[in-house]
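The values are calculated or read from the model by the stated rules, or taken from the named source; none is laboratory data. None of the values given here were measured: they were computed from a predicted structure. Cβ: placed from backbone, ideal geometry, glycine included. Neighbour counts: every protein chain shown.
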Amino acid sequence: MGLEYMAQATAALSGIRCREEEGAGPKMGFMLGTRKYHNKIDYFKKGMAYTVATEELFCDSSLWSFRCTILDKAGDMCAMAEINVFSPESPEKYFIEEGRHG
């Protein structure tokens with residue numbers, strides 16, 4: 001669940017950056033992987049509010065890297081990781097059409 005929270009936060013940050021820098025809406029991206037995931041809790045409690053913070057570490061055209069942390073209401077760290085994302089200009093070419101290869 002923590003990775004999903006982090007992925008959504010990186011997508012939101014990317015969308016904000018695209019709007020600020022290019023005046024465009026968010027672009028589609030693919031999470032390539034995660035590095036250094038560390039969970040300090042056994043599970044995320046239902047109904048509990050968490051804060052997800054994400055920081056851009058690297059951006060080179062279509063490759064991005066983010067550091068993400070999840071904090072509880074007291075500000076204690078629950079999880080942290082680095083997320084790597086691929087956001088190509090034409091993401092449609094990375095989808096396989098149904099029935100095309102079989």
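Data for the structure
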{"quantity": "When residues of segment 1-23 are limited to those that are more than 10 Å from the chain's Cα centre (by Cα) and at pLDDT 90 or above, the one farthest from L71 (Cα to Cα)", "calculated": "M1"}
{"quantity": "Residues that are without any contact (Cβ under 8 Å) to a residue 24 or more places away in the chain and of a type in the set (G, A, S), drawn from segment 13-47", "calculated": "G15, G23, A24, G25, G47"}
{"quantity": "So E4, is it in a loop (DSSP other than H, G, I, E, B) and surrounded by fewer than 16 Cβ atoms within 10 Å (Cβ to Cβ)", "calculated": "no"}
{"quantity": "Residue, surrounded by the fewest Cβ atoms within 10 Å (Cβ to Cβ), within segment 68-82, restricted to residues that are among the small types (G, A, S) and without any contact (Cβ under 8 Å) to a residue 40 or more places away in the chain", "calculated": "A74"}
{"quantity": "Residue match in segment 46-67 (condition: over 14 Å from the mean Cα position of the chain (by Cα), of a type in the set (A, V, I, L, M, F, W, C) and surrounded by 12 or more Cβ atoms within 10 Å (Cβ to Cβ))", "calculated": "no"}
{"quantity": "Of all residues making up segment 24-39, the number that are surrounded by 12 or more Cβ atoms within 10 Å (Cβ to Cβ) and more than 12 Å from the chain's Cα centre (by Cα)", "calculated": "4"}
